[in-house]
1. Check the stretch 209-217 and report whether any residue there is within 21 Å of residue 161 (Cβ to Cβ) and crowded, with 17+ Cβ neighbours inside 10 Å.
2. Quick test of your reading of the structure: residue 38 fulfils all but one of (1) buried (at least 23 other Cβ atoms within 10 Å of the Cβ); (2) in contact with a Gly (Cβ under 8 Å, 6 or more places away or on another chain). Name the failing condition by number.
3. Filtering the stretch 45-92 down to residues that are surrounded by fewer than 24 Cβ atoms within 10 Å (Cβ to Cβ) and among the small types (Gly, Ala, Ser), which residue is farthest from residue 197 (Cα to Cα)?
4. Does residue 198 satisfy the condition of being out of contact with any Ser or Thr (no Cβ under 7 Å at 6 or more places or on another chain) and not assigned by TED's automatic domain parsing to the domain that holds residue 63?
5. Restricting to the stretch 167-203, name every residue that is of a type in the set (A, V, I, L, M) and touching a strand residue (DSSP E or B) at 6+ places or on another chain (Cβ under 6 Å).
6. Could you check residue 133 against (1) modelled with pLDDT under 55; (2) under 20 Å from residue 94 (Cβ atoms); (3) loosely packed, with under 15 Cβ neighbours inside 10 Å and say which number it fails?
7. Please determine whether any residue of the stretch 223-230 is surrounded by fewer than 20 Cβ atoms within 10 Å (Cβ to Cβ) and of a type in the set (A, V, I, L, M).
8. Sort out which residues of the stretch 210-233 are out of contact with any Phe, Trp or Tyr (no Cβ under 9 Å at 6 or more places or on another chain) and in a helix (DSSP H, G or I), and write them in order of number.
Amino acid sequence: MAAAERAAPEKAVDGKADLILRAVKVTKQFEGLVANREIDFEIPRHSIVSIIGPNGAGKTTFFNQLSGVYHPTEGTIAFENIDISDMAPHEVAELGVARTYQNIRLFRDLTALTNVSVGQHVRTKGQWYAAVFQLPSVRREEAAIEKRSYELLEIVGLRRSMADVLAKNLPYGDQRRLEVARALASDPKLLLLDEPSAGMTHEETAELMNDILLVRGRKEHLTIIIVEHEMGVIERITDRCVVLNFGRKIAEGTPAEVQQDEAVIRAYLGTGPKSADGSAGEPAR
């Protein structure tokens, strides 16, 4: 049974109709370390929202809770009015959440086309016996998957000639684009991008941000959350920013608003609020 079918009857959470995701008082503690503390977070449908903050601010830990990798110690996370706080990553994915990772996680010895095709299998309907006997329904579905995979490669700016290139042989920037294409392959409603420009040059980063805008333009139903630590990377494409520091939310607003926020300025200058125990040491990412 699909996660949505299993969860919706008993896990509905009251919420606003225009919100696709809502986190309430989300706290994550690893033994004695509090990585996130009482974070409230609301994402309007069809928006592009960024989570920013200095290194060690707790951004990736929070992201991992949104995608089911970690479960909150306290608080709740609701996606489309369904409580996903205790769901496994594959259950969250079935509901319509896809993500990339700060460290590239491609199938390095498979082609670009195959990497994207694999990403579509969460939505396939063919049964194992149909695949074994190569029934017409399976062949039709495989043809549709291949066609869609070529389309997704094009959407993220990868030329058709790259489809048969092994992922490990692609330039670094194109590997990043391929990760986005594979995430899009599951036809998500919410796309989570964890520092998608990590390791890129300034020019590659600018191209990737343009690609993300193009993706949004081609997939109007899509909502995007981007984790970053540099405001300059996302200020042109994001509708709203949430700023974390030492695991707490310290500011929220438009890019222009948060850049003028005194708490944000102090955090980026290294004189921001202390951690929960009063020290300046970094918590988990």
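1. Here is the first cut: in the stretch 209-217, the ones within 21 Å of residue 161 (Cβ to Cβ) are 210-211, 214-215.
Going one step further and asking which of them are crowded, with 17+ Cβ neighbours inside 10 Å, we end up with 211, 215.
Checking the stretch 209-217: at least one residue is within 21 Å of residue 161 (Cβ to Cβ) and crowded, with 17+ Cβ neighbours inside 10 Å.
2. (1)
3. My answer is 75.
4. Details: out of contact with any Ser or Thr (no Cβ under 7 Å at 6 or more places or on another chain): yes; not assigned by TED's automatic domain parsing to the domain that holds residue 63: no.
The answer is no for residue 198.
5. Initially, the stretch 167-203 is screened for residues of a type in the set (A, V, I, L, M), giving 167, 170, 178, 180-181, 183-185, 190-193, 198, 200.
Scanning the stretch 167-203 gives 183, 190, 191, 192, 193.
6. Among (1) modelled with pLDDT under 55; (2) under 20 Å from residue 94 (Cβ atoms); (3) loosely packed, with under 15 Cβ neighbours inside 10 Å, the lone unmet condition for residue 133 is (2).
7. no
8. 210, 211, 212, 213, 214, 215, 216, 217, 218, 232, 233
The values are calculated or read from the model by the stated rules, or taken from the named source; none is laboratory data. Predicted, not measured: the structure shown is a model, and the values here were computed from it. Counting neighbours? That spans all protein chains shown, and the Cβs are built from the backbone with ideal geometry, glycine included.
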